[in-house]
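S.K.: One structure follows; several queries about it will come next.
The values are calculated or read from the model by the stated rules, or taken from the named source; none is laboratory data. In this text, all values refer to a predicted model and were calculated from it rather than measured experimentally. Glycine also receives a Cβ, built like all others from the backbone with ideal geometry; neighbour counts cover every protein chain displayed. Just so you know, the surface numbers come from the protein's heavy atoms only, side chains and all, with ligands and any DNA or RNA stripped out. Shrake-Rupley method; radii C 1.70, N 1.55, O 1.52, S 1.80 Å.
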Amino acid sequence: MLKYGIYAKAVELLCFKSALERLSGIYPEMDMKAYKKKVKCEYKAMLQRTPDIGGSSLEMNLYIAAFVFSLHKAEPEKINPEVVNEMVTAVFESPFMIKAHKNKKCTLFTDKVQDKKVKESIASQTSGYELDWKFEYKKGVDEFYNTYTECGICKLGKRENCFAFVPCLCNMDERNYRNEGGELHRTKTLHREMSAAIFM
């Protein structure tokens with residue numbers, strides 16, 4: 001199971017302040033101290049029931065997803081996907097995030113990074129972890145192709161009845177690639193395909 005340790009606390013440290021500041025502008029009457037306490041309780045409880053994926057480099061994404069889903073679970077009547085998107089945007093616009101990525105050198109296309117992704121994609125095909133990703137990665141000089149066939153965030157969203165919030169996390173990808181010096185061109189998402197299968 002995932003642990004409430006250094007990764008979980010790093011997510012809280014990175015996200016809470018900016019997200020709550022944005023939320024207070026949307027719901028000025030909310031008791032932010034009480035809400036933060038509820039989120040932490042939901043987050044800890046979710047981690048305790050969420051299977052790990054063996055320390056994979058993608059495991060951090062499960063911590064982030066659990067945190068985002070906890071934002072909703074702590075106050076389900078008020079925290080909808082639109083509100084969560086606002087909170088996520090606030091995190092990416094925070095002074096810390098801007099400073100962290102200012103003048104950052106792009107390493108996405110180096111052999112070292114791409115060779116690691118190739119190895120991870122091969123290993124993903126035989127992973128026995130329930131919430132793991134499965135994907136194919138093709139190297140390139142100026143562009144690379146990353147095709148996911150299974151998504152841990154989608155799986156966790158279904159487990160936690162928070163599937164409607166998965167796009168809030170998909171939206172982070174474009175910002176993350178931009179911060180890393182790249183540009184994401186997405187042709188489709190697993191969330192849309194799974195949504196069609198679920199609601200047909």
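S.K.: What lysines could a cross-link reach from K33, if we take a straight Cα to Cα line under 24 Å and drop same-chain neighbours fewer than 8 places away?
M.R.: Once the sequence-local lysines are set aside, what remains near K33 is K3, K9, K17, K44, K73, K78.
S.K.: Would you mind telling me the share, in percent, of accessible area of the chain contributed by carbon and sulfur at probe 1.4 angstrom?
M.R.: After summing per-atom areas, the C and S share lands at 55 percent.
S.K.: Then there's this: What ranking, highest mean first, results for peptides 75-85, 150-160 when packing means the other Cβ atoms within 10 Å averaged over each residue?
M.R.: Per-residue mean Cβ counts within 10 Å order the peptides as 150-160, 75-85.
S.K.: What residue among T107, A90, S124 has its Cα farthest toward the positive end of the dipole of the stretch 90-139, where the charges are +1 on Lys, Arg and -1 on Asp, Glu, each on the Cβ?
M.R.: T107
S.K.: With θ taken as phi - 60° and the coefficients 6.51, -1.76 and 1.60, list the Karplus ³J(HN,Hα) couplings across the stretch 138-146 in order, rounded to whole Hz; mark glycine and proline as x.
M.R.: Rounded to whole hertz, the list is 10, 5, x, 7, 10, 7, 9, 10, 10.
S.K.: Based solely on its DSSP helices, what 222 nm [θ] is calculated for the chain when runs of n ≥ 4 H residues each add -39,500 (n - 2.57) and the sum is averaged over all residues, nearest 500 deg cm²/dmol?
M.R.: Estimated from H runs of four or more residues: -18500 deg cm²/dmol.
S.K.: Alpha carbon centre of the stretch 44-105 versus the stretch 113-133: separation in Å?
M.R.: The distance from the Cα centre of the stretch 44-105 to that of the stretch 113-133 comes to 22 Å.
S.K.: Turning to a different aspect of this structure: Can you find, among G157, G55, V68, the residue farthest towards the positive end of the dipole of the chain? Put +1 on the C-beta of Lys and Arg, -1 on that of Asp and Glu.
M.R.: Positive-end residue among those listed: G55.
S.K.: Please state the shape class of the stretch 1-109: rounded when a/c is under 1.5, otherwise prolate if a/b exceeds b/c and oblate if not, all from the C-alpha gyration tensor.
M.R.: oblate
S.K.: Per residue, how much accessible area does the stretch 77-161 show when a 1.4 Å probe rolls over the protein heavy atoms, in square angstrom?
M.R.: Accessible area per residue, the stretch 77-161: 65 Å².
S.K.: Now a separate question. Relative to the longest principal Cα axis of the chain, at what angle does helix 81-92 sit, 0 to 90 degrees, rounded to 10?
M.R.: 70 degrees
S.K.: Note the angle between two axes, namely the Cα long axis of helix 166-179 and the longest principal axis of the Cα atoms of the chain, as a number of degrees from 0 to 90, rounded to the nearest 10.
M.R.: Once rounded, one gets 60 degrees.
S.K.: Based on the alpha-carbon gyration tensor of the chain and its eigenvalue square roots a ≥ b ≥ c, which shape applies: rounded if a/c is under 1.5, prolate if not and a/b is larger than b/c, or oblate?
M.R.: Prolate.
S.K.: Here's another thing I want to ask about it. So how strong a dipole does the stretch 93-154 carry about its Cα centre when Lys and Arg Cβ are +1 and Asp and Glu Cβ are -1, to the nearest 20 debye?
M.R.: 420 debye
S.K.: Against the longest principal axis of the chain, how steep is helix 6-26, in degrees 0 to 90 to the nearest 10, with axes from Cα atoms?
M.R.: 50 degrees
S.K.: Now a separate question. What is the log10 of I(q)/I(0) for the stretch 72-186, computed with the Debye formula using one identical point scatterer on each Cα and no solvent, at q = 0.15 Å⁻¹?
M.R.: The Cα Debye sum returns log10 ratios of -0.86.
S.K.: Also, quick follow-up: Write out the cysteines belonging to the chain for which the nearest other cysteine Cβ is not under 4.7 Å, or none if no such cysteine exists.
M.R.: Here C15, C41, C106, C162, C168, C170 come out as lacking a disulfide-compatible partner, given the Cβ-Cβ threshold of under 4.7 Å.
S.K.: Using unit Cβ charges (K, R positive; D, E negative) and no other charged atoms, how large, in debye to the nearest 20, is the dipole of the stretch 1-159 about its Cα centre?
M.R.: 500 debye
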